[in-house]
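Enquirer: Please read through the structure below; I'll follow up with questions.
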Amino acid sequence: MSLRLVGPDESRHLPVPRVLEHVRPQAAPAKYAELHCLSNFSFLRGASSAAELFERAASQRYSKLAITDECTLAGIVRARRASLATGLPLIVGSEFAIEAGPRCVLLVENRAGYEVLCDLITRARRRAAKGGYRSLREDFERPLPGLFALWLPGEHPDAAQGGWLRDRLPGRTWLAVELHRGPDDDRRLQALLALAATLGIPATASGDVHMHVRGRRMLQDTLTAIRLRVPLSEAGYALFPNGERHLRTRRLLSAIYPAELLEESVRIAGRCTFELDELRYEYPHEVAAGQEPAARLRELVEEGIAERWRTRRPVPAGKDVDFQQVRRTLDHELAIIASLGYEHYFLTVHDIVRHARSQGILCQGRGSSANSLVCYALGITELNPGDAHMLFERFVSAERKEPPDIDVDFEHERREEVLQYVFSKYGRERAALVAVVIHYRARSAVRDVAMALGLPTDQVDRIVQGMDRWGMDPPSDDYLAERGFDPHSAIMRHLVELAALLLRDFPRHLSQHPGGFVISQRPLSTLVPVENAAMDGRTVVQWDKDDLEDLGIMKVDCLALGMLTCIRRTLDLLRAHGRPMSMQDIPRDDAKTWEMIQRADTIGVFQIESRAQMSMLPRLKPARYYDLVVQVAIVRPGPIQGEMVHPYLKRRSGEELPEYPTPAMREVLERTLGVPLFQEQVMAIAMKVAGYTPGEADQLRRSMAAWKSHGDMAPHRERLVRGLVDGGCDAEFAERIFNQLKGFGSYGFPESHAASFALLAWQSSYLKCHHPAAFAAALINSQPMGFYSPSQIVQDARRHGVEVRPVDVRYSAWDCTLEAVRAARRPEDAHASASGDAHDGGPFAIRLGLRMVKGFDEAAAGRIVTARAHAPFADVSDLSMRAGLDARHMARLADAGALRALAGHRHRARWEVAGIEARRALFEQVRAPVEAPVTIPLPDAREEVQADYGMLGLSLDHHPVALLRPRLRARRHRSSKELAGVGDGSSVTCTGLVTLRQRPQTASGITFVTLEDEFGLINVVVRRDLAERQRRALVESRLLSVRGCVEHRQGVIHLVARSLQCLDAWLGPLRMGSRDFH
């Protein structure tokens, strides 16, 4: 028999047929639209990506596919991309579990419905903590135009809940019949149809889809166990009984559902006409009523450019300012900005920068915005584009018609003030941070899967302990065997296979962008759902930057940069000690600073402090600002993969002559000796030689960045090579240029970005060179940042002749400070010359701050400073009482050696601290009784070092390796000081503390390890084969012995490892951490 859907008036009078007994597969399967489908953006529920779901649905010829992730639209823009790629239309929707109410799916009919859905999600998310939601009945007690509802009745349908939903959306509610080959689907279908008839609502087929194919069932079960935080063996009925919740074939669906239910899904889908392209984003209006934004922007630009040239230092040698060209450039940029309607955007960023500077917060624009003279005039960027051959079309293009992207860096410690200014100016309804999708990495995937598979915690820790923090590969068989597991066991095979699935770009949760804002003239919740961030006082939209770019929505980036904090702190220290100075006072040229950079003496300096950069500096030998721009950019994947580095170095050293086949190529490439190092040069070559328009050139840039993942460089190859040949280049040269450009697919640096970073690299280098004490103190106070720990920063400062004084409650503040060097230095510091500090106006020593004491807090440090300002501390009891320090605080000070002046050595300090009686309000002014002196033994050197590292992370008295030197010498282990005298190619063994492990993606599997001994640093190169053979020694050692071959290259010494040995046992309980970057 056949079925027809009936209206509410007649349905209650009809008998309910036993459908499944009579349904037969049709010759041609019925049309079908899936209206209830979760992607993996229903975190830890959906087991397939939108791309996989759309490919599967398209292959089965579904009419449409709805993506209905639970109370979120976080994955809907990705679903749009998948829809466009497959040609299968997308329905926007979302699943809700309403408190004390029904579960339902809401589908968007039109633009009005989309806005209502965004608002419903926002309300539910905003009233819950991050990651959760609370959808209440009251949210639905209002008109809900433009939405359709599917009631999900569950195992035990409650007609009252269905009726409540029907009354909220009259004429737009359906009962979703979801059959998954359960033991009694026949009876369930009859019951649901009868219930629909009773309620007077139509029924439709839907699938409750959680995966694109049945084969993902094991992953879906695993995700469920992860979500519930139980092993799979204990998940029970939370797991689906079978794998039917996938996108089934229409023929199979036709055998399960009555044709009318399938056809109803298509009718509903046909009424859902909304597309995300209908969204119209309106940027906030930044001018008063009646004022033209273009006029206001020009007014500010004119003021700014006049101020820039009034206060600007002399232009670089050999350059004259062509003010007519400046005027033409400004007019050109302003015309493009006006044609695209972006004036308000520039006014917004100008206002944020103006506010930050009014509060004394250092900031600087970077990235493609440095191509803009308008940004320079507005004070957003600090680099005149005319000085660095910038290309405005890299920033904004009339052809491209995409929103500009202005990145502004602020001091990382004060960036929150800037964020809160934006929130306060626009309100929470109109401003929110951009989301970041956190994807699984190898360690997190293996940990989650292993716990779900029921492995004990200690075994899970054993597996993940040696894995790369940012790695994207599941553990290999060799790795598992090394860890004591049988890689061929069933549970290990499941672990590897499931982890590999999660590492296919699988999302784990939403986080927040470091500082990307979306602001809107209308409430954001009419455009995209908004939810709470983990930090109080912050809200986040559910889309990431790529989603926003796809839909043409502008964001403002207020980013945090630790080096700006360090520079500001350095300048504050100098100002406090009679040397007022600003960033603008730092000269753009200084011989001593260039000498320091050329010998790679750049620990702590911005951008040029990494191992790779320090290895390049003596070879490139920067001697002017533009050299530093090249230096910042050349140690990047793009130039390295494009084989641009060696040609550039050979030409710079005179070993090879640059090649310029045409005048136009010379104009573009002369500044980089004929080698295209920057994205802007690629665009300029395309435009000036190969005949591209500015918009086409920018599309070439984008294709270069995406070709490795999307392979879309092929259309450009033929055109670019042909254009270069037509422009006067020979075919061989054109092919070589194209192959170099492909290197940018591994990340090529924009010249504008490099130029902005080079400015900070120079400023930080100058401060390190001329004010080493202030710079080192500021660097420690700005932690965490950069590659180096406070211990390494202190060791480097002492090697530069800076005296470093210990933490002492009589003198230390919370931060590290400067102290004038008046008295004779301690014997161990006698080698330190005053020249290193003379520029500080002192010379000055660094006094370590109480921030160095582990577990101590700033409030307690403040009480110490306040108390001693009234009178010096008499003893530890006096300190405890007047500063209000409890036993925990006092014990940490004693263990850190900060009480040495009041109590003597550490053992005595601990004794005295233990004897302090608890304070009582009645006897606050009564001193503790005097006790008879007790003889307490002095700690030995090893105990002192262990205590120093345990509480401070460093030692000023002894380096741990110095205590081991006799044993190392007996084994003929060389020190870092001795390596300079060892011939190239010699075989030696060196031992040191591991301070840094780094494996750049451009290094072909090579790991760079930095060892530290009492004399300095040892640069170790570990090749891939050795790293795999001795992985545990490489990854886990604190004290590492390396036997290898010494390599001298242009002033840089490397030890190329042949074997590794972990000597942690020699350190005993001494603990220190390394900074590992992968």
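The values are calculated or read from the model by the stated rules, or taken from the named source; none is laboratory data. Everything quoted here is computed from the prediction, not taken from an experiment. Cβ placement follows ideal geometry from the backbone for every residue including glycine, while neighbour counts extend to all protein chains displayed.
Enquirer: Hey, among Leu239, Leu232, which residue is free of Cβ contacts under 8 Å to residues at least 40 places away in the same chain, within 28 Å of Leu455 (Cβ to Cβ), in contact with a helix residue (DSSP H, G or I) (Cβ under 7 Å, 6 or more places away or on another chain) and surrounded by 12 or more Cβ atoms within 10 Å (Cβ to Cβ)? Quick ask: steps written out before the conclusion?
Expert: Working: Leu232 fails: free of Cβ contacts under 8 Å to residues at least 40 places away in the same chain.
That would be Leu239, the only listed residue that is free of Cβ contacts under 8 Å to residues at least 40 places away in the same chain, within 28 Å of Leu455 (Cβ to Cβ), in contact with a helix residue (DSSP H, G or I) (Cβ under 7 Å, 6 or more places away or on another chain) and surrounded by 12 or more Cβ atoms within 10 Å (Cβ to Cβ).
Enquirer: Go through (1) assigned to a loop (DSSP other than H, G, I, E, B); (2) at pLDDT 90 or above; (3) among the hydrophobic types (A, V, I, L, M, F, W, C); (4) over 39 Å from the mean Cα position of the chain (by Cα) and name the single condition Leu956 misses.
Expert: (4)
Enquirer: Still on this structure: Please state which of the following conditions His973 fails to meet, knowing it meets all the rest: (1) within 27 Å of the chain's Cα centre (by Cα); (2) surrounded by 14 or more Cβ atoms within 10 Å (Cβ to Cβ).
Expert: (1)
Enquirer: Residue under question is Arg611, and the condition is that it be modelled with pLDDT under 90, touching a Ser or Thr at 6+ places or on another chain (Cβ under 8 Å) and either closer than 29 Å to Gly360 by Cβ or surrounded by 22 or more Cβ atoms within 10 Å (Cβ to Cβ) (or both); does it hold?
Expert: Numbers: modelled with pLDDT under 90: yes; touching a Ser or Thr at 6+ places or on another chain (Cβ under 8 Å): yes; either closer than 29 Å to Gly360 by Cβ or surrounded by 22 or more Cβ atoms within 10 Å (Cβ to Cβ) (or both): yes.
Yes, satisfied.
Enquirer: Having 3 or more residues that are over 28 Å from the mean Cα position of the chain (by Cα) is the bar; report the strands (runs of 3 or more DSSP E) wholly within the range 53-108 that clear it. Break it down into steps so the answer makes sense when it comes.
Expert: Details: elements: 65-67, 90-97, 103-108.
So the answer is 90-97, 103-108.
Enquirer: Let me ask another. Could you check the range 512-586 for strands (runs of 3 or more DSSP E) lying wholly inside it with 3 or more residues that are more than 19 Å from Cys118 (Cβ to Cβ)?
Expert: On the way: elements: 530-532, 539-544, 556-561.
Output list reads 556-561.
Enquirer: Still on this structure, I have one more. Can you tell me which residue in the range 348-382 is modelled with the lowest pLDDT, limited to those that are in a loop (DSSP other than H, G, I, E, B) and surrounded by fewer than 24 Cβ atoms within 10 Å (Cβ to Cβ)? Working first, answer last.
Expert: Start the filter on the range 348-382 by keeping residues that are in a loop (DSSP other than H, G, I, E, B), which leaves 359-362, 372, 378-382.
Subset that is surrounded by fewer than 24 Cβ atoms within 10 Å (Cβ to Cβ): 359-362, 379, 382.
Values: Gln359: 94, Gly360: 91, Ile361: 94, Leu362: 92, Gly379: 89, Glu382: 82.
Looking at the filtered set, the residue picked out is Glu382.
Enquirer: Count, please, the residues in the range 773-788 that happen to be modelled with pLDDT of 90 or more and within 17 Å of Leu1017 (Cβ to Cβ).
Expert: 2
Enquirer: Which condition number does His509 fail, the rest of (1) modelled with pLDDT of 90 or more; (2) buried (at least 22 other Cβ atoms within 10 Å of the Cβ); (3) touching a strand residue (DSSP E or B) at 6+ places or on another chain (Cβ under 6 Å) being met?
Expert: (2)
Enquirer: Which residue pairs have Cβ atoms under 6 Å apart, sit 6 or more places apart or on different chains, and have a first residue in the range 247-267 that is farther than 18 Å from Arg187 by Cα and small (Gly, Ala, Ser) and a second that is assigned to a loop (DSSP other than H, G, I, E, B) and at pLDDT 95 or above?
Expert: As it stands, the answer is Ser265/Tyr32; Ser265/Ala33; Ser265/Leu35, since those pairs meet every condition given.
Enquirer: Still on this structure, please answer the following. Give me the strands (runs of 3 or more DSSP E) completely within the range 140-252, filtered to those with at least 2 residues that are of a type in the set (Phe, Trp, Tyr), ordered by residue number. Steps first, answer last, please.
Expert: Working: elements: 147-152, 173-177, 203-205.
Hits in the range 140-252: 147-152.
Enquirer: For the structure I just gave you, tell me whether Phe140 is over 35 Å from the mean Cα position of the chain (by Cα) and under 21 Å from Glu429 (Cα atoms).
Expert: Working: over 35 Å from the mean Cα position of the chain (by Cα): yes; under 21 Å from Glu429 (Cα atoms): yes.
Taking the combined requirement at face value, the residue satisfies it.
Enquirer: Can I ask one more? Could you please find all residues in the range 947-970 being surrounded by 12 or more Cβ atoms within 10 Å (Cβ to Cβ), at negative phi and of a type outside the set (A, V, I, L, M, F, W, C)?
Expert: Step one: of the range 947-970, the residues surrounded by 12 or more Cβ atoms within 10 Å (Cβ to Cβ) are 947-965, 967-968.
Now restrict to residues that are at negative phi: 947-952, 954-965, 967-968.
Hits for the range 947-970 are Asp948, Tyr949, Gly950, Ser955, Asp957, His958, His959, Pro960, Arg965, Arg967.
Enquirer: Quickly run through the range 130-163 and pick out the residues that are among the hydrophobic types (A, V, I, L, M, F, W, C) and surrounded by fewer than 18 Cβ atoms within 10 Å (Cβ to Cβ). Can you show your working first?
Expert: Initially, the range 130-163 is screened for residues among the hydrophobic types (A, V, I, L, M, F, W, C), giving 136, 140, 144, 147-152, 159-160.
Passing the criteria: Leu136, Ala159, Ala160.
Enquirer: Give me the pairs: first residue in the range 590-602 and under 17 Å from Ala612 (Cα atoms), second residue part of a loop (DSSP other than H, G, I, E, B) and among the hydroxyl-bearing types (Ser, Thr, Tyr), beta-carbon distance under 8 Å, and six or more apart or on different chains, which are they?
Expert: Met596/Thr602
Enquirer: Moving to a separate point now. Count, please, the residues in the range 957-1010 that happen to be more than 29 Å from Arg906 (Cα to Cα) and not β-branched (Val, Ile, Thr). Step through it out loud before you land on a result.
Expert: Restricting attention to the range 957-1010, the residues satisfying the condition of being more than 29 Å from Arg906 (Cα to Cα) are 969-991, 996-1010.
Then keep just the ones that are not β-branched (Val, Ile, Thr); that gives 969-981, 983-987, 990, 996-1001, 1003-1005, 1008.
Residues flagged as more than 29 Å from Arg906 (Cα to Cα) and not β-branched (Val, Ile, Thr) within the range 957-1010 amount to 29.
Enquirer: Can you tell me which residue within the range 109-139, out of those that are polar (S, T, N, Q) and outside any helix (DSSP H, G or I), is farthest from Arg45 (Cα to Cα)? Can you show your working first?
Expert: The initial filter retains those residues of the range 109-139 that are polar (S, T, N, Q), namely 110, 122, 135.
Next, only the ones that are outside any helix (DSSP H, G or I) stay: 110, 135.
Working: Asn110: 27, Ser135: 19 Å.
The selected residue is Asn110.
Enquirer: Take the residues of the range 472-506 that are among the acidic types (Asp, Glu) and at pLDDT below 90: which is surrounded by the most Cβ atoms within 10 Å (Cβ to Cβ)?
Expert: As a first pass, look at the range 472-506 and keep what is among the acidic types (Asp, Glu): 473, 477-478, 482, 486, 497, 505.
With at pLDDT below 90 added as a condition, the list becomes 473, 478, 482, 505.
Numbers: Asp473: 13, Asp478: 12, Glu482: 17, Asp505: 12.
The extreme case among them is Glu482.
Enquirer: I would also like to ask the following. Take the residues in the range 337-346 that are surrounded by fewer than 20 Cβ atoms within 10 Å (Cβ to Cβ) and of a type in the set (A, V, I, L, M, F, W, C), then tell me which one is nearest to the chain's Cα centre (by Cα).
Expert: This residue is Leu340.
Enquirer: Inspect all residues belonging to the range 611-621 and state whether any of them is hydroxyl-bearing (Ser, Thr, Tyr) and in the same structural domain as Phe775 (by TED's automatic domain parsing).
Expert: Quick first cut of the range 611-621, residues hydroxyl-bearing (Ser, Thr, Tyr) only: 615.
From the residues that got through so far, the ones that are in the same structural domain as Phe775 (by TED's automatic domain parsing) too are none.
No, the range 611-621 contains no residue that is hydroxyl-bearing (Ser, Thr, Tyr) and in the same structural domain as Phe775 (by TED's automatic domain parsing).
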